[in-house]
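Q: Right, I'll just put the structure down here and ask away after.
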Amino acid sequence: MSTDRQRNPLNDFMIKVENLSHSVDLGTDKLSILQQVNLDIRKGESAAIVGRSGSGKTTLLGLLAGLDIPSSGTVSMNGHLISALSEDERASLRSQRVGFVFQSFQLLPALTAIENVMLPIELAGLSDAKSKAEALLQRVGLGDRMQHTPRQLSGGEQQRVAIARAFAVEPQVLFADEPTGNLDTRTGEAITELLMTLNREQGTTLVMVTHDQQLAERCQRHFVIEAGVLHEKTDNTTEVLSA
Amino acid sequence: MNVTAKVVSFTQDLRERNVKVMLMAMIIAVATVATINAFADHLQRTLMTSANAFLAADRQLNSRTNAPIPEAWYAEAEKRGLKVGRMVEFGTMVSNESQFQLVAVKAVDNAYPLRGEIEWQADLDSTRQIGSKGPGPGEVWLNPRLMRLLNLRPGDALEVGSTSLEVTGVIMREPDGGFRLSNLAPRVMMHVDDVAATEVIQPGSRVRHRGLFAGDEATLHDFEIWLEPQLADNYRWVDVRQGETLGESLDKAEGFLLLGGSLAVLLAVVAIAVASRQYALSQRDRVALLKTMGLTGSRIRRLYLSRLIWWGAIATLLGLMLAIPAAWFLASMTARLMEQPLHFEVDFWQLWPAVLTALVALFAFAYPPIDRLRNTPAMRVFRSLPTNNKAALFKDLLLASVVIFALLWIYVSDIVLVMALLGAVMALVISLAIAGGGLIWGLRRLPAGKGSWRLAVIALYLHRNATLSQMSVFAMTIMLAATLVLVRSSLLADWQAQLPEDAPNHFLLNIAPESVDQVEAFFTDNELNRSPLYPIIRGRLTEINGQPAEEVALNKDDDELRRELNLTISDSYPEDNQIVDGQWFATGDTSGLSIEQSLAESLGVKIGDELGFTVGAEKVTAAITSIRSVQWDSMRPNFFIIFPPNGAIDGLPSTSLTSFYLAEQDKTLLNDFVRQFPTISVLEIDHIIERIQQIIRQVTQAVEAILVMILLAAIAVMVAVVSATMSERQREGALLRTLGSQQRLLVRATIIEFALIGFLAGILGVLTAEIAVWALQYRMFEGEFHWHWPVVISLPFASACILALLGRWQLTPVLTVSPMLLLRKLE
């Protein structure tokens, strides 16, 4: 039955979370990180999850992206019940549909800018890696820095490479973890602009974790997470999404 | 361009410090094992070749009865390309004019000796010559004492049985002289073709035929396989190892080398395991990132496995390329020391243990932590997660122990040695667990002190896991290196002490009671020292528990049943003997006897059995009260049977035996002695002693060379472990400097921290090394254990110093680069 539902073509949710709870084992104790989270994000929507340090927002992002599976509840991505997939199946899914942008950029120091962008294209088994990567780096304004290694780039430039890499496989959904967290305000704004523009152009669903209110407000949906409980903020009200 | 391949590519790997360390460790491992292998192989071959001279051949086929060796066997050996020689030994009377003398004849053919050389002189006063041939047909060579006893000159005729032979030389030394106190009669060497003409050999006479064989090992081995089924009980196939004296020395030599080799292997795999673990740790972030990009576990495994195979291949190749010149260098040093020409060749098939080591190092030690990388949680891209690796670590340890055990087994095939080493490792693990717990407990309670001490103690406590694992590796390294140092210094020293430069190298036998005073005077006049006089009573073993010995003995053909044995009387226990069963005579005991172990086994007798001897016309019996093992290579007077004072053989007619040291340049004194005491036999064993001392020197040199390499490997392990924590320490150092710490404080704290780790590891290492040495010495080399205080005390300090220096060295970048730059670099 559940198989029918997850393959339903009418389902236009990119991300659907039902009754998700997550806790970590601390030996004798269990630390509850997320409690009864329910969440729907439609295709092409941008959503921001805001919360303090330690509120559970990064854990939620990881679960939405299928990097881990929840202790209980389900996560679906584009109709696939990813919380029921094996790690390798989730990995294959990620290689086709998911892009990431991290706070600390996570570029491979040994690879040049263009190689960093080519990497996910090759891993996904797509053709024309080089030309695609070149086009993307041009697009993020690093056409003249393609052969530079991350160490030769500033923080803002590194994040541009990371964004180019995230869009390289034309993902259906992009997960961003504090994308401006390591950058100064001005660079952060430029990066935000770039991210939003690319997102719009490619029609990608964007899920972003941040504690930057300004950045969050540029997203269509705005969630707040507090002590593991998720609320959605709509204009002046906050809807509790955790039961 | 394939970017994926570049993510974990070989050239990329080479930029990783951990990979460099792992490759270096692997190269050291392969090179050390290969060098030891190539060199040990070379040493074995040279030792064996030089030792084979003691048989005058590579193998001897001895007949234990007077049956000759079938000609068909010689023919077969020759057909296979072996060199053969025929030798007959018998005792007879020879005469010149009216003087008669009982002699021991050795009749040899033109091929004798196949190995080694004969030293002879044209006359008593001529210079010594070295020859590769014995006397020709019609000729006879005599030993100097016989020349004088019979008043012979070269050219004179000697009557041997029914024939007369011309004296053409004085035999000074034969290669297969042996060391038998029972060889009392002076030597006569003649040609085997003349034996028939002597008509001395009659049915029933005591004759020993010996066949000599030489050639390459493989052919000899094949011939032995062909011969074996045809050998009746009365034939014995002998290689030099079965010789009483040199066999033991060669076994000991081999033991030392194998020990060195196995310690090198242990050290090498420790280094590789450490480096691989560090490499895996450093790769976790990369793997997590690749996983977010959709790389599956199996692809990650393939990616890293292919790298590992590359490293293994390259390290093996480089290791072998380093090993060959290293082994050649060692061989040439040995050749120079021994003043022998260098014949160095490498049999590449002999190097398989090095290749096996590389494979084992790779798959049993480097691979497990790297393989676990595929389990890295993808969530790690967001934050570093604690990983619970205890179960995996336990599995690794178990695998490592099994593999080490198997590897040592393959190398050494000696259960005692393997168990001793593994036992010591176990003892180390247990003491580490205890000491580690104690250390953590102690550090938490230690009055923190001031400045650098405080910083050092805090660092030790904060990094307690790293502290403990570093300490374990250092302690293990120190244990292995110290074991070899101690074994080398104590076992070699013990061995050398058995045969000091002035060890008695001549024996005097048949000293009649009335000559004792005159002999004593001769020694005093010539300022020579002799050992105590042992009374010798010649007797045949005739009865076991009242039955005829030749009928009830387990080995009825034992030579000792066919000849007279030297029985002696002694109340003091021979210091190099070991009681294996029963009790040595208590003070005042007059009953019982002590028998040598191999003779007891051959006769099939045990404690309480009664042995009967015929001494002249007398019959004596006594029960066995103790069984001794005898170290025949000690070259001291050793006896099969010892009676207590006032025991069964007391009062029977006896002669005396003594031994003394005579330097090469004083050998002419022997001529005076022989002239003055023509009835006393002189047994020259200086050449045997010299040869054993040569083996000891060669082995000492080899073990020392191996030791240097092992110490290098040990330092490599330490560098690997210290550099493993380098980035963290540099980060901390940079932070502390940013926070305003003075360089001096930082330097002192690091030095103190490492010195403390080194000191504690030194104590644990040296104590467990003593356990290993105790086990080895007690079980393997039959030595006596004593504490090595100078090493026990100095080693912890030495290891503290070495580690303090290593700690200081790894801090250099922190002190020379601005903290700002360093922090950015370490981001």
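The values are calculated or read from the model by the stated rules, or taken from the named source; none is laboratory data. What you are looking at is a predicted structure, and each value in this text was computed from that prediction instead of being measured. In this analysis, Cβ positions are derived from the backbone assuming ideal geometry, glycine residues included, and neighbour counts consider all displayed protein chains.
Q: Quick check on A:Asn78: is it in contact with a Lys or Arg (Cβ under 6 Å, 6 or more places away or on another chain) and either in contact (Cβ under 8 Å) with a residue 40 or more places away in the chain or at the interface with chain B (Cβ under 7 Å from one of its Cβ atoms) (or both)? I'd like the intermediate steps shown before the answer.
A: Details: in contact with a Lys or Arg (Cβ under 6 Å, 6 or more places away or on another chain): no; either in contact (Cβ under 8 Å) with a residue 40 or more places away in the chain or at the interface with chain B (Cβ under 7 Å from one of its Cβ atoms) (or both): yes.
In short, no.
Q: Would you confirm, using the coordinates I've provided, whether B:Val88 is assigned to a strand (DSSP E or B), in contact with a helix residue (DSSP H, G or I) (Cβ under 7 Å, 6 or more places away or on another chain) and under 29 Å from B:Asn638 (Cα atoms)?
A: Numbers: assigned to a strand (DSSP E or B): yes; in contact with a helix residue (DSSP H, G or I) (Cβ under 7 Å, 6 or more places away or on another chain): yes; under 29 Å from B:Asn638 (Cα atoms): yes.
Criteria met by B:Val88.
Q: Hey, another quick one. The conditions are (1) facing another protein chain (nearest Cβ under 8 Å); (2) part of a loop (DSSP other than H, G, I, E, B); (3) modelled with pLDDT under 85, and A:Asp68 fails exactly one of them. Which is it?
A: A:Asp68 satisfies every listed condition except (3).
Q: Does B:Arg488 count as of a type in the set (Lys, Arg), in contact with a Ser or Thr (Cβ under 9 Å, 6 or more places away or on another chain) and modelled with pLDDT under 75?
A: Values: of a type in the set (Lys, Arg): yes; in contact with a Ser or Thr (Cβ under 9 Å, 6 or more places away or on another chain): yes; modelled with pLDDT under 75: yes.
Here the answer is yes, as B:Arg488 does meet what is asked.
Q: Ok, one more. Just for helices (runs of 4 or more DSSP H) wholly inside the stretch B:329-415: which have at least 2 residues that are closer than 30 Å to A:Leu63 by Cα and at pLDDT below 75? Before the answer, list the steps.
A: Numbers: elements: B:352-360, B:367-371, B:390-412.
Ranges flagged: B:390-412.
Q: Can you name the condition, by its number, that A:Val24 falls short on among (1) within 12 Å of chain B (Cβ to nearest Cβ); (2) part of a strand (DSSP E or B); (3) surrounded by 15 or more Cβ atoms within 10 Å (Cβ to Cβ)?
A: Just one mismatch for A:Val24, condition (3).
Q: Something else about it: Every residue in the stretch B:284-303 that is away from chain A (no Cβ under 11 Å) and surrounded by 19 or more Cβ atoms within 10 Å (Cβ to Cβ), please. Write out each step before concluding.
A: Within the stretch B:284-303, the subset away from chain A (no Cβ under 11 Å) is B:284, B:287, B:301-302.
Correct list: B:Val287 only.
Q: While we're on this one: Of all residues in the stretch B:598-626, which are at pLDDT 85 or above, outside any strand (DSSP E or B) and farther than 17 Å from B:Leu561 by Cβ?
A: B:Lys606, B:Ile607, B:Gly608
Q: Name the residue that is surrounded by the most Cβ atoms within 10 Å (Cβ to Cβ), counting only residues in the stretch B:127-146 that are hydrophobic (A, V, I, L, M, F, W, C) and either in contact with a Pro (Cβ under 9 Å, 6 or more places away or on another chain) or closer than 15 Å to B:Phe100 by Cβ (or both).
A: Pass one, the stretch B:127-146, residues hydrophobic (A, V, I, L, M, F, W, C): B:130, B:140-142, B:146.
Restricting the remaining residues to those that are either in contact with a Pro (Cβ under 9 Å, 6 or more places away or on another chain) or closer than 15 Å to B:Phe100 by Cβ (or both) gives B:141-142, B:146.
On the way: B:Trp141: 27, B:Leu142: 31, B:Leu146: 24.
Among residues in the stretch B:127-146 that are hydrophobic (A, V, I, L, M, F, W, C) and either in contact with a Pro (Cβ under 9 Å, 6 or more places away or on another chain) or closer than 15 Å to B:Phe100 by Cβ (or both), the one surrounded by the most Cβ atoms within 10 Å (Cβ to Cβ) is B:Leu142.
Q: Output the helices (runs of 4 or more DSSP H) that fall wholly within the stretch A:100-218 and possess 3 or more residues being of a type outside the set (Phe, Trp, Tyr) and away from chain B (no Cβ under 13 Å), or say none. Spell out how you get there, then give the answer.
A: Details: elements: A:113-123, A:129-139, A:155-167, A:185-202, A:213-217.
By residue number, A:129-139, A:155-167, A:185-202, A:213-217.
Q: Another question, if that's okay. For the stretch B:551-564, give me each residue that is touching a Ser or Thr at 6+ places or on another chain (Cβ under 8 Å) and surrounded by 15 or more Cβ atoms within 10 Å (Cβ to Cβ). Break it down stepwise before answering.
A: In the first step, residues of the stretch B:551-564 are kept if they are touching a Ser or Thr at 6+ places or on another chain (Cβ under 8 Å); the result is B:553-555, B:557-558, B:560, B:563-564.
Selection gives B:Ala553, B:Asn555, B:Asp557, B:Asp558, B:Glu560, B:Glu564.
Q: Answer yes or no: is there a residue in the stretch A:84-91 that is touching a residue at least 60 places away in the same chain (Cβ under 8 Å) and buried (at least 22 other Cβ atoms within 10 Å of the Cβ).
A: The answer is no; no qualifying residue exists.
Q: OK, next. Could you name every one of the strands (runs of 3 or more DSSP E) located completely within the stretch B:93-211 that has at least 3 residues being farther than 26 Å from B:Ile69 by Cα? Can you show your working first?
A: On the way: elements: B:99-108, B:118-121, B:129-131, B:139-142, B:157-160, B:163-173, B:187-191.
Qualifying strands (runs of 3 or more DSSP E): B:99-108, B:118-121, B:129-131, B:157-160, B:163-173.
Q: Being more than 19 Å from B:Ser659 (Cβ to Cβ) and outside any loop (DSSP other than H, G, I, E, B), is that true of even one residue in the stretch B:519-537? Before you say what the answer is, go through the steps one by one.
A: Filtering the stretch B:519-537 for residues more than 19 Å from B:Ser659 (Cβ to Cβ) gives none.
No: zero hits.
Q: Continuing with this model, one more query. Among the residues in the stretch A:102-124, are any touching a residue at least 60 places away in the same chain (Cβ under 8 Å), within 21 Å of B:Leu295 (Cβ to Cβ) and out of contact with any strand residue (DSSP E or B) (no Cβ under 6 Å at 6 or more places or on another chain)?
A: Initially, the stretch A:102-124 is screened for residues touching a residue at least 60 places away in the same chain (Cβ under 8 Å), giving A:102-105.
Now drop any that are not within 21 Å of B:Leu295 (Cβ to Cβ), which leaves A:102, A:104-105.
When the remaining residues are screened for being out of contact with any strand residue (DSSP E or B) (no Cβ under 6 Å at 6 or more places or on another chain), the result is A:104-105.
Yes, the conditions are met somewhere in the stretch A:102-124.
Q: With the requirement that a residue be out of contact with any helix residue (DSSP H, G or I) (no Cβ under 9 Å at 6 or more places or on another chain), among the charged types (D, E, K, R) and at pLDDT below 85, what does the stretch B:491-526 give you?
A: Selection gives B:Asp502 alone.
Q: Report yes if some residue within the stretch A:36-58 is within 8 Å of chain B (Cβ to nearest Cβ) and out of contact with any His (no Cβ under 6 Å at 6 or more places or on another chain); otherwise report no.
A: Looking only at the stretch A:36-58, we keep the residues that are within 8 Å of chain B (Cβ to nearest Cβ), and these are A:58.
Filter once more, keeping what is out of contact with any His (no Cβ under 6 Å at 6 or more places or on another chain): A:58.
Scanning the stretch A:36-58, I find at least one residue that is within 8 Å of chain B (Cβ to nearest Cβ) and out of contact with any His (no Cβ under 6 Å at 6 or more places or on another chain), so the answer is yes.
Q: Can you confirm whether B:Thr587 is more than 36 Å from the chain's Cα centre (by Cα), more than 29 Å from B:His209 (Cα to Cα) and outside the structural domain of B:Ser205 (by TED's automatic domain parsing)?
A: Details: more than 36 Å from the chain's Cα centre (by Cα): yes; more than 29 Å from B:His209 (Cα to Cα): yes; outside the structural domain of B:Ser205 (by TED's automatic domain parsing): yes.
In short, yes.
Q: For the stretch B:508-523, state whether one or more residues are touching a Pro at 6+ places or on another chain (Cβ under 9 Å) and of a type in the set (Val, Ile, Thr).
A: Within the stretch B:508-523, the first condition is being touching a Pro at 6+ places or on another chain (Cβ under 9 Å), and the residues that meet it are B:513.
Subsequent filtering for residues that are of a type in the set (Val, Ile, Thr) retains none.
There is no residue in the stretch B:508-523 that is touching a Pro at 6+ places or on another chain (Cβ under 9 Å) and of a type in the set (Val, Ile, Thr).
Q: Can you report the number of residues in the stretch B:319-345 which are hydrophobic (A, V, I, L, M, F, W, C), within 30 Å of B:Asp13 (Cβ to Cβ) and surrounded by 17 or more Cβ atoms within 10 Å (Cβ to Cβ)? Show your work before the answer.
A: Restricting attention to the stretch B:319-345, the residues satisfying the condition of being hydrophobic (A, V, I, L, M, F, W, C) are B:320-324, B:326-331, B:333, B:335, B:337-338, B:342, B:344.
Filter again for within 30 Å of B:Asp13 (Cβ to Cβ), leaving B:320-324, B:326-327.
Okay, now just the ones that are also surrounded by 17 or more Cβ atoms within 10 Å (Cβ to Cβ), so B:320, B:322-324, B:326-327.
Number of matching residues: 6.
Q: Please tell me if A:Ser131 is surrounded by fewer than 23 Cβ atoms within 10 Å (Cβ to Cβ), closer than 26 Å to A:Thr210 by Cα and not aromatic (Phe, Trp, Tyr).
A: Details: surrounded by fewer than 23 Cβ atoms within 10 Å (Cβ to Cβ): yes; closer than 26 Å to A:Thr210 by Cα: no; not aromatic (Phe, Trp, Tyr): yes.
Criteria not met by A:Ser131.
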